[in-house]
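These notes are about the structure you will find just below.
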Amino acid sequence: MTATKPDDAQDSRRQLASAFQDVLKAEEERRAAARRPAGKRQPWLGILSLLVFASTVAWLAVDRPAWLFPPPVAEDPARDDAGLRLTMYAAATRLNAYRSTALRYPPRLEDVPGISARDLRYERLADSVFVLRGRRGSVSLTLNSRDPLEPFLGTTLSRTLQRSGR
């Protein structure tokens, strides 16, 4: 039988420890390489993109192309008149309904729910009399509570329904 020399066992252990250290070192290098960015950063690409974007926004703000900013709609006095008449008719109807329950007209238009006071001015002359004034565009109208509502509305409702296809 051959006896193993103690130096051979020691060399074998050293070689095994060295191989283990090499494996650990290679694994650490692989992890470090994975953490590093793959390529060199290119700041000029971001700067160029920002410059193109800023130029486009400036052009859109200055030139205002029609495909993005449509031209304003032309005012139509007949449409303003019809819309104001319908608004005033609806407000007068609600004011009359309020009077039928409260036995007087309200002190302010805002006290009646469901009335948009955007184009209207309301004035209560007495508990049973009011004046409603409206202005939309170039059209101004006045409706007194003593005036009949149907003649005030006129053909507005039929024209509006005809225009909408009903």
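The values are calculated or read from the model by the stated rules, or taken from the named source; none is laboratory data. Bear in mind the structure is a predicted one, so any value in this text is a computation, not a measurement. Cβ: placed from backbone, ideal geometry, glycine included. Neighbour counts: every protein chain shown.
Could you tell me whether L60 is assigned to a strand (DSSP E or B), surrounded by 12 or more Cβ atoms within 10 Å (Cβ to Cβ) and of a type in the set (A, V, I, L, M)? The answer is no for L60. Looking at segment 99-118, which of its residues are more than 22 Å from R136 (Cβ to Cβ) and either touching a Phe, Trp or Tyr at 6+ places or on another chain (Cβ under 7 Å) or touching a residue at least 60 places away in the same chain (Cβ under 8 Å) (or both)? If the condition is that a residue be more than 22 Å from R136 (Cβ to Cβ) and either touching a Phe, Trp or Tyr at 6+ places or on another chain (Cβ under 7 Å) or touching a residue at least 60 places away in the same chain (Cβ under 8 Å) (or both), then R99, Y105, P106 are the ones that fit.
Residues that are assigned by TED's automatic domain parsing to the domain that holds D147, modelled with pLDDT under 90 and closer than 26 Å to G154 by Cα occur in segment 101-110; there is at least one. Determine if segment 156-164 includes at least one residue that is exposed (fewer than 15 other Cβ atoms within 10 Å of the Cβ) and either closer than 30 Å to L103 by Cβ or modelled with pLDDT of 90 or more (or both). Yes, there is a match, as at least one residue in segment 156-164 is exposed (fewer than 15 other Cβ atoms within 10 Å of the Cβ) and either closer than 30 Å to L103 by Cβ or modelled with pLDDT of 90 or more (or both). Taking every residue in segment 78-94 that is over 15 Å from P148 (Cα atoms) and pairing it with any residue that is among the aliphatic types (A, V, I, L, M) and not in a helix (DSSP H, G or I), at least 6 positions away or on another chain, the pairs with Cβ-Cβ distances below 6 Å are D80/V139; D81/V139; L84/V139; L84/L141.
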